[in-house]
Amino acid sequence: MADNFRQGAQDPGSNTTQYNSLIFTIQREIAKTYVGMPVRVVTAPYTMSQDGTKTPITPGTAGPIGFIDVLPMVNQIDGQGNPTQHETVQQITYHRYQSGSGAFISDPVVGDIGHMVVPNHDTSVVLATSDLANPGSYRKNDMADGVYLGTIRSGNPAQSFAWTSDGFHIQDKNGNTIIGNAAGITINGWLFPRGKTDNINTHVHTGVTAGAADTGPPA
């Protein structure tokens with residue numbers, strides 16, 4: 001018969017004195033209080049129906065914030081130093097840069113490593129109603145109420161929006177760029193100078209004679 005014995009959190013000195021026993025008890029109570037931790041996204045954003053069905057959210061969709069599943073990345077350790085991996089934390093909400101009806105949408109992706117903060121009370125009713133509410137239960141500092149705040153470890157991004165000392169720089173994974181600075185807006189190398197009042201859709205050149213020749217390069 002397999003030995004299913006699991007070592008507890010005590011180490012050889014945990015109960016050698018009354019003081020050590022008291023300290024061990026206090027430490028175990030403190031260990032039940034989660035505040036924040038690194039986690040890995042294991043399920044992409046989804047919406048949850050009343051019957052528990054998960055419907056994936058199309059990346060970049062301008063809709064309500066959904067849920068993700070995450071795996072805490074710091075293992076639990078017993079009194080002998082043996083590790084135990086956490087279980088996946090289901091259906092936690094995530095942070096989005098949004099104010100009013102305006103949002104910068106960059107939804108979490110499977111494999112992202114980010115920081116999850118843990119509220120001190122059950123927030124389920126507040127999240128469900130978007131209104132003041134009593135806690136949904138008596139649980140406290142529980143990972144089930146965690147909020148994913150975004151990436152803390154990653155490689156080089158393939159597309160980005162950056163504020164610079166000159167203005168801003170946008171680049172997508174296809175190599176398209178939009179750069180804003182004192183000179184104006186440059187889109188894929190084409191400069192649209194500041195202060196110009198011409199409309200690119202209605203702009204015309206005067207003094208042009210019709211013919212078969214090409215025009216000169218843009219001025």
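The values are calculated or read from the model by the stated rules, or taken from the named source; none is laboratory data. This one's a predicted model, so the numbers in the text were calculated from it and none came from an experiment. In this analysis, Cβ positions are derived from the backbone assuming ideal geometry, glycine residues included, and neighbour counts consider all displayed protein chains.
Here the range 141-159 is the region considered, the condition is being in contact (Cβ under 8 Å) with a residue 24 or more places away in the chain and in a loop (DSSP other than H, G, I, E, B), and the residue that is surrounded by the most Cβ atoms within 10 Å (Cβ to Cβ) is GLY146. The residue that is nearest to GLN27 (Cα to Cα), counting only those in the range 77-89 that are modelled with pLDDT under 95 and not in a loop (DSSP other than H, G, I, E, B), is ILE77.
Among the residues making up the range 90-108, those that are outside any loop (DSSP other than H, G, I, E, B) and among the aliphatic types (A, V, I, L, M) are ILE92, ALA103.
Are any of the residues in the range 45-60 surrounded by 13 or more Cβ atoms within 10 Å (Cβ to Cβ) and under 30 Å from SER14 (Cβ atoms)? There is no residue in the range 45-60 that is surrounded by 13 or more Cβ atoms within 10 Å (Cβ to Cβ) and under 30 Å from SER14 (Cβ atoms).
Taking the range 118-154 as the range and being of a type in the set (Gly, Ala, Ser) and under 15 Å from the mean Cα position of the chain (by Cα) as the test, the residues that pass are GLY146, GLY150, SER154.
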